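A quick write-up on the structure given underneath.
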Amino acid sequence: MYLRAIHAEQRIKPLLDFIHQNPLGLFTTAIPSSNHPLLQSSHVPWVLDTISDDADAPIKGRLRGHMARQNPQAKAILEALQSSSSSSGEDGGEGGVLSQEVMVIFTAQHHHYVTPKFYVETKPATAKVVPTWNYSAVQIYGTARVYHSTASRGTSEYLGKQMTDLTKLCEGEIMGYVGEKGTKEGPWEVEDAPERYLEIMKKGVIGIEIEIERIGGKWKMSQEMGVGDREGVVEGFRALGTDVGREISECVRVRGEMSDEAKKG
């Protein structure tokens with residue numbers, strides 16, 4: 001990811017908060033294989049365990065997710081683990097560690113095309129403007145531990161907790177179901193499904209746990225533009241009259257003010 005200084009967020013806590021608020025991440029691996037593509041990506045919803053918001057901490061957090069065992073990316077992962085365990089003489093079924101670094105990219109829900117018509121200062125003066133796209137994103141790099149043994153108690157426990165925690169996050173913070181259990185406002189819980197069914201479902205997935213070793217992100221929200229053009233962007237998005245337009249408008253305003261304050265300091 002290109003982290004231009006004026007767009008980049010250097011603080012760790014806002015980056016981790018962003019992941020918590022936007023848990024669906026694009027999980028990418030680069031695993032050499034004669035049977036599968038080198039580069040593979042899958043959209044995976046993650047649970048974030050924050051460890052430290054210190055930029056110098058070796059591990060900033062931990063991502064916990066799962067993916068279908070039949071996913072070609074999962075097959076490449078299992079093939080790599082099998083090859084590694086065979087060469088080392090270790091079993092590796094309980095929780096093998098991928099030797100290749102992995103990456104996950106998270107993108108904010110709201111993003112939008114920016115028309116040059118919003119640049120109310122520069123466009124009339126020189127016409128030297130071009131379209132762009134405003135968005136926010138965070139990327140992490142780290143080491144992945146994979147829980148894949150269908151006979152392992154540790155794998156079953158990992159998947160059980162991950163699914164429970166992910167469900168609580170999605171039902172409560174995303175869907176807003178925080179009422180009493182069993183009511184219309186109450187959340188669905190993993191325990192609502194039959195135990196035998198859950199055990200079958202767990203055998204069809206693998207668990208992935210990533211230690212976040214590096215993290216970076218940006219809010220590309222017209223900070224590079226002059227105040228007049230930026231105000232045009234704010235008003236232009238607000239005038240769209242849509243939820244996305246209002247969200248982008250406010251983000252452009254806030255991030256612009258933050259950028260202006262940083263320049264003063």
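Structure notes:
- GNM result for the chain, Cα springs below 10 Å: residue of His111, His148, His66 fluctuating most strongly: His111
- Region 146-265: mean projected area of Cα convex hull, nm²: 12.4
- The trypsin sites (Lys or Arg not before Pro) found in region 162-265 that occupy coil by DSSP, while having at most 12 further C-beta atoms within 10 Å, are Lys181, Lys184.
- Neighbour-count order for Tyr2, Tyr141, Tyr119, fewest beta carbons within 10 angstrom listed first: Tyr2, Tyr141, Tyr119
- Residue-by-residue Karplus 3J(HN,Hα) for region 129-140, coefficients 6.51, -1.76, 1.60, Hz, glycine and proline x: 9, 9, x, 8, 9, 9, 6, 10, 7, 10, 10, 10
- For Arg69, distant residues with modelled amide H under 5 Å away: Val205, Ile206
- Hz values of 3J(HN,Hα) by residue in region 57-71 - Karplus curve (6.51, -1.76, 1.60), Gly and Pro given as x: 5, x, 10, 8, x, 9, 9, 10, x, 8, 8, 4, 4, 7, 4
- The charge dipole of region 121-265, taken about its Cα centre with unit charges on the Cβ atoms of Lys, Arg (+1), Asp and Glu (-1) only, comes to about 520 debye.
- Sorting Ile210, Ile215 from the fewest to the most surrounding beta carbons within 10 angstrom yields Ile215, Ile210.
- With N counted as the residues of region 36-144, its alpha-carbon radius of gyration over 2.2 N^0.38 Å works out to 1.61.
- Selection of trypsin sites (Lys or Arg not before Pro), region 98-145, meeting DSSP coil and at most 10 other Cβ within 10 Å: Lys128
- Likely footprinting exposure, Leu26, Leu48, fewest C-beta neighbours within 10 Å first: Leu26, Leu48
- Interchain or long-range residues, amide H under 5 Å from Gly96's placed H: Val146, His148
- Gyration tensor verdict on region 141-184 (Cα atoms; rounded if a/c is under 1.5, prolate if a/b is larger than b/c, oblate otherwise): oblate
- Other residues within the sphere of radius under 11 Å centred on the Cβ of Gln109, judged by their own Cβ, net out at -2 (K and R +1, D and E -1).
Rule-based calculations on the coordinates, nothing more; no lab input. From a predicted model like this one, the values you see are computed outputs, not experimental measurements. Cβ atoms come from the backbone with ideal geometry, glycine included; neighbour counts cover every protein chain shown.
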